[in-house]
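A quick write-up on the structure given underneath.
The values are calculated or read from the model by the stated rules, or taken from the named source; none is laboratory data. Here the structure is a predicted model, which is why all the values come from computation and not from measurement. Quick reminder, even Gly has a Cβ in these numbers, built from the backbone with ideal geometry, and neighbours come from all protein chains shown. Side chains are part of the model used for accessible areas, which takes the heavy atoms of the whole protein and leaves out ligands, DNA and RNA. Shrake-Rupley method; radii C 1.70, N 1.55, O 1.52, S 1.80 Å.
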Amino acid sequence: MPRSEPLVGLLFILPTVVLVGVIVFYPIVETALMSFSNVNSLAQREGFAGLANYQALLSDTVFLRVLAQTVFWTVAVVGITTVVSIPVALALNLNFHGRRLARALLIVPWAASLMINAIIWRWILDGQHSIINGTLMRLHLIDQPIIWLGSEGTAWAAIILVGILVSIPFTSFSLLAGLQSVPSELYEAAMVDGAGFWASFWHITLPLMRPVLIVTTLLNVIYVFNSFPIPWVLTQGSPAYRTDILVTYIYKRAFAEGQFGPAAAMAMLIFVLLLAFSLTFSHITKERAKVGIK
Amino acid sequence: MMKSPFARPGRRARRALALALAVATVASLAACGTSNNSASGGEVELRFLFPEYSAKTTPLMKTMVDDFNTANKGEIKVNLETAPWDKMHDKLAVSMGSDQAPDVFGYATRWISEFAGLKQLAPLDDLLTADFREGFNQKVLDAGVYEDKTYGLPVAVSARLLFYRTDVLEDAGLSAPETWDDLMEAATKSANPPELYGLGVPASGIEVDTFFNYFLYNNGGDILDADGKSMLSEPESVEALEFLTDLVKSGGSQPEPSGFTREQVIENFKAGQLAMYPTGPWLTAMIKADNPSMKFAAVPFPTNDGKEQQTVSVTDSLGMSANGAHQAEAWKFIEFMYQPKYRQVFDETEGMLPELNAVAESAYYQTPEYKPFIDALATAKFQPQHPKFEQIQQIETVAIQKALSGLASPQEALDEATAKIDKL
Amino acid sequence: MKRHERGLSWWLLLAFLAVVVAVSIFPFAFALSTSLRPRAELFSFPPTWFPKTWAWENFVTVWTAVPLLRYVLNSVVVSVLATLLNMAFAIPAGYALARLNFPGKRLFRQALLVTQMFSPVVLLIGLFRFMNQVHLLDNNASLVITYAALSLAFSVWFLAGYFESIPIEIEEAAMMDGCTRVGALVRVVLPMSKPALVASGVFAFIWAWNEFMIALTFISTPDNRTLPLGIYSFLGQYSVEWNYLMAAALIAIVPVLILFLLIEKNLVKGLTAGAVK
């Protein structure tokens, strides 16, 4: 039962409020101001522009396409990651030789930065020197290299695969933690009742994992939606914005084209979308998820 | 775990103390600050930001800066800053926008109109003595002139020629291509996929637009007219993109050019997996280092149907901030940097062409490998100056990618680009 | 540990795990193979799994090709200080969320979530201007502060969740014994929260260790570079030194991996209460 000690409470959060306020909210305010201003190519504000930057977005067909791509990318990565991570967490929770090793190996993509992961994959998917092509050719499954990053379809498949692989460690470890908080008596009771693996999974494990699933899904959506390095390093949006997501498009608009105003408007729009998503999501799941939406 | 939770200050308290100390350290670290423009004793401090062309750039520039600092001890101290080349525009734009531009910096010559228009670049004409001016290749020096003022001195000059593997073309019974018909024939005939492809066509990453310029310029086309309006929908431009698209479709290049960047294609040529690729002199240096047995030559890019030959050329510039507090000292440093010995080692190491006549005349650049590049500067065509050229490049790149990956016909793609450019 | 019978589902799960682990580890295995090739062998066609000549010397050369040791040290200092700063702020804030009622509590939670909704790419301009105003540009202290702040939200949630799982009676007993609120936190709650402290500290550390875009924007002097910037310098304008790049990348992963292995047990325990409650 939390106590009412307003002064102590405020004092305890004060350092965090100051630090986060200065480091995060100051730039957010700057971005918000830019989104309502005329901004030159050095990101200097030159007067109020009203909603012009936002209106420009609505007539920007590339923006609408990239928005759709971003939703697709987020749903695909978070969805598949979750589906894959559940059995992975179940397996990691089993008692077997080499469990420690399996956990250690699974952590590796997490230990490396997104940028390093992406750079390594760019090399693996190289048009001429891809080791995957090399292997497939040696097995006589193909006789011409597949240019993985050269066309929309295979490029998206590659980008999503990498997105999934870097998201699995965090997701499966969180789910594993969730599993370990399921009292084992419950399992054993189910076994005695003759419930099989699937029955106990559906009726006991999954419902008990629900809270942790909700929190990890929410966090994954936010992180994946905003994940810059993977699409950027792999394709830079080529061909013709077809593999861009919103953050890479924002980066191009702002830094490659000097269009800081519309870019800031997009950033604000992403924020509104994510906020709306978290509110709706927490409403639907009716879960007072501890991530802040109470 | 629960043993004696109320113990007297012991290990835990000490830990808390250590934590507090660490925080204090950060705070004190934060308090000391850095960017004082002039240090004590009247010594002027200058910031010099230079792009990294390769992992060798920083050590190279460091040596030069150290020499300068030793020679000017007590008077001027230059602090070297570097950034990856592809992040230079970000870095400069952000610092200029916050009044933190370095005193001296390297940048792409095509950015002059943008930066000068925003009053960030100092005109150098009054500082350039006749002697100093004469030391340069005049054509290359003129690339840094915008609205009758010199804003940038050339650094990292390149002229682009068509590299080709002499043995491969000979085996196919062909000689160096001079016309587009030759080029098409060489690209399709010499190919032997997947070990060997014809012409390298990079359509991802940077310089996609520059690559298209080989075709555009050598068909008598151009990006912009004198009023800054797009010329990309003109018949010459459309024909150029149609030719490139046909070449890819006929198997004259690797399939799916959108999957290849410039760096990748350069490596492919160097490793012997391409018969032809147009690029700058750095490739010569790279082949000599990594694949010395390769037989290759470099010739001017083929032209279509007897049109005038134009050499795609790109230069970077060295400029001075218009808002720097110590322009005289900055200029002194620039003059120091342009001593032939420093330019010679830079040009050789990074595989660039000499901007100074003295370096061009050196034995190294008079060899059969490099002489053609220096001669090609005579027909050099540099990138245009337009305050929104970065945006134009982006638009052009998208059009090329659309045509090459079949998302639009060359005519449609270029019409769309023209509409966008003319609205800027 | 649960005792499932080793039926079909047991084996299926393990087989699935094996596949996922293999796919996850494959790029790093190939990175290792690449890092051990001489330059001439990088681009042989068709590509091979193993080098013909094993260039072990790459792992020596890479330290001199760029001042890698300097970058490693910079990264260690920045990441350790950022972690400590993060912890020093997250502990009281997490405790307040878990145990105390105060005005604006809900707003505080929501504000923390909001901080995660902006990609660092979007914040670059504002961050740069702020650091410029406080004269910290090109100073690694700017990275310490920024990294600590950007990883704070996660640490605060995480610790709050764990603190909530500790029975409140213990603290109450301590406070009746004359401990102050701070005394109870420091002497009772923190010692019991070791797994969560370790886990959230490691998250903060990794965040700082791996960050690239902000470092790129703030840092200009070569000697101030952190490791990710150093690694990026192998991606040249005209060619990529894949073998050195991979060697440096693997060197960067090792300390994090060791950290992870040291705390693996605590990590799951910390997550258990921290993320699930």
* **Which listed pairs, of C:LYS194/C:LYS269; B:LYS307/B:LYS371; B:LYS119/B:LYS229, have C-alpha distances above 19 Å, in listed order** => B:LYS307/B:LYS371; B:LYS119/B:LYS229
* Asked: Is there a simple number for the mean count of other chain Cβ atoms within 10 Å of the Cβ of residues in A:250-259, and what is it?
  -> 6
* Asked: Residues with amide H under 5 Å of B:VAL44's amide H, sequence separation 5 or more or different chain, H placed in the peptide plane at 1.01 Å from N; which?
  -> B:ILE76, B:LYS77
* How do B:THR188, A:THR280, A:THR235 stack up against each other in accessible area, from largest to smallest, with a 1.4 angstrom probe? -> A:THR280, B:THR188, A:THR235
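What order, most packed first, do the peptides B:168-175, A:46-53 have when packing is the mean number of other Cβ atoms within 10 Å of each residue?
Top to bottom by mean Cβ count within 10 Å: B:168-175, A:46-53.
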* Options A:PRO27, B:ILE421, C:VAL186, ranked by Cα towards positive dipole end of the protein assembly as shown, top entry (Cβ charges) -> C:VAL186
* Could you look at chain B and say what percent of its accessible area is carbon and sulfur, using a 1.4 Å probe and all protein chains? => 51
* Net +/- balance of residues flanking A:LEU67 in space, Cβ distance below 12 Å, scoring K and R +1, D and E -1 -> -1
* Give me the distance in nm between label points sitting 7 Å out from Cα along the Cα-to-Cβ direction at B:ASP181 and C:LEU73, one decimal. => 6.7
* Structure fact -> By the DSSP-based rule, helices of chain A that are at least 30 Å long along the axis (C-alpha) and have a mean Kyte score of at least 0.0 are A:61-92, A:152-180, A:260-285
* In the full protein assembly as shown, how much of B:GLU234 is accessible to a 1.4 Å probe, in Å² to the nearest 10? -> 80
* Structure fact -> For A:ASP244, B:ASP142, the accessible-area ranking with a 1.4 Å probe, largest leading, is B:ASP142, A:ASP244
* To do: Would you mind classifying region A:45-285 by shape? Square roots of the alpha carbon gyration tensor eigenvalues, ordered a ≥ b ≥ c; an a/c under 1.5 is rounded, otherwise it is prolate if a/b is larger than b/c and oblate if not.
  => oblate
* Report ³J(HN,Hα) in whole Hz for each residue of region B:117-127, in order, from the Karplus equation J = 6.51 cos²θ - 1.76 cosθ + 1.60 where θ = phi - 60°; Gly and Pro get x. => x, 9, 6, 10, 10, 8, x, 9, 4, 5, 8
* Structure fact -> For chain C, the per residue accessible area (1.4 Å probe, Å²) is 34
* Structure fact -> Over chain B, with neighbouring protein chains present, the accessible area per residue in Å² at probe 1.4 Å is 38
* Report, in whole Å, the centroid distance computed from the Cα atoms of region B:327-359 and region B:210-235. => 32
* Gyration tensor verdict on the protein assembly as shown (Cα atoms; rounded if a/c is under 1.5, prolate if a/b is larger than b/c, oblate otherwise) -> prolate
* Asked: region C:59-91: which residues show an accessible-area loss of 30 Å² or more, assembly versus chain alone, 1.4 Å probe?
  -> C:LEU81, C:LEU84, C:LEU85, C:ALA88, C:PHE89
* Structure fact -> Amide H proximity to C:LEU100 below 5 Å, modelled H, separation 5+ or other chain, gives A:ARG3
* Structure fact -> The percentage of the accessible area of region A:45-285 (probe 1.4 Å, all protein chains present) made up of carbon and sulfur atoms, to the nearest whole number, is 70
* To do: Calculate the spin-label point distance for A:PHE72 paired with C:LYS194, positioning each point 7 Å from the Cα along the beta-carbon direction, and give it in nanometres.
  => 5.1
* Amide H to amide H, which residues 5 or more places from B:ASN218 or on other chains are under 5 Å from it, using H placed in the peptide plane? -> none
* To do: May I ask for the distance between the Cα centers of region C:81-152 and region B:96-135, given as a whole number of Å?
  => 38
* Asked: Using the Karplus equation 6.51 cos²θ - 1.76 cosθ + 1.60 (θ = phi - 60°), what ³J(HN,Hα) coupling, rounded to whole Hz, does each residue of region B:160-177 give in order, writing x for Gly and Pro?
  -> 9, 10, 7, 7, 8, 8, 4, 5, 5, 5, 4, 4, 7, x, 10, 10, 4, x
* Asked: What accessible area, summed over both chains, is buried at the A-B interface (1.4 Å probe, Å², nearest 100)?
  -> 2800
* State, in square angstrom and to the nearest 100, the accessible area buried between chains C and A, both chains counted, probe radius 1.4 Å. => 10400
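If DNA, RNA and ligands are ignored and the probe is 1.4 Å, what is the ranking of A:HIS140, A:HIS97, B:HIS89, B:HIS326 by accessible area, most exposed first?
If we order A:HIS140, A:HIS97, B:HIS89, B:HIS326 from most to least accessible, we get A:HIS97, A:HIS140, B:HIS326, B:HIS89.
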* To do: On each of the three principal axes of the Cα atoms of region A:102-193, give max minus min coordinate, whole Å, ordered largest first.
  => 56, 30, 25
* Summing Lys, Arg as +1 and Asp, Glu as -1, what charge do residues with Cβ under 12 Å from the Cβ of B:THR150 carry, B:THR150 excluded? -> -3
* Hey, got the average number of other protein chain Cβ atoms within 10 angstrom for residues in C:180-187? -> 4
* Asked: Where only protein heavy atoms count, and the probe is 1.4 Å, what is the accessible area per residue for region A:28-157 in Å²?
  -> 39
* To do: Enter the accessible area of B:TYR197 (Å², nearest 10), with the probe set to 1.4 Å and all protein chains included.
  => 10
* Structure fact -> The local net charge around B:SER409, scoring Lys/Arg +1 and Asp/Glu -1 for residues other than B:SER409 whose Cβ lies under 10 Å from its Cβ, equals -2
* Asked: Averaged over peptide B:95-103, how many Cβ atoms belonging to another chain are found within 10 Å of each residue's Cβ?
  -> 5
* Accessible-area composition of chain C, carbon plus sulfur, in percent [1.4 Å probe] -> 69
* Let me know the Kirkwood hydrodynamic radius for region C:65-276, please, with Cα pairs as the basis and the value in Å to one decimal. => 18.8
* Asked: Given a 1.4 Å probe and the protein chains all in place, what does the accessible area of B:ASP305 round to, in Å² to the nearest 10?
  -> 130
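As a test of the definition: with a 1.4 Å probe, what buried accessible area, both sides summed, do you compute for B against C, in Å² to the nearest 100?
4400
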* Please work out the Cα center distance from region A:67-105 to region C:155-195, rounded to the nearest Å. => 33
* Asked: What pairs from B:LYS149/B:LYS388; B:LYS149/B:LYS423; A:LYS252/B:LYS402 go past 22 Å between their alpha carbons?
  -> B:LYS149/B:LYS423
* So which residues of region C:197-218 lose at least 10 Å² of accessible area, probe 1.4 Å, when you go from the chain by itself to every protein chain present? -> C:PHE203, C:ILE206, C:ASN210, C:PHE212, C:MET213, C:LEU216, C:THR217
* Within straight-line cross-link reach of B:LYS341, lysines at Cα separation under 18 Å, skipping those fewer than 8 residues along the same chain -> B:LYS56, B:LYS62, B:LYS332
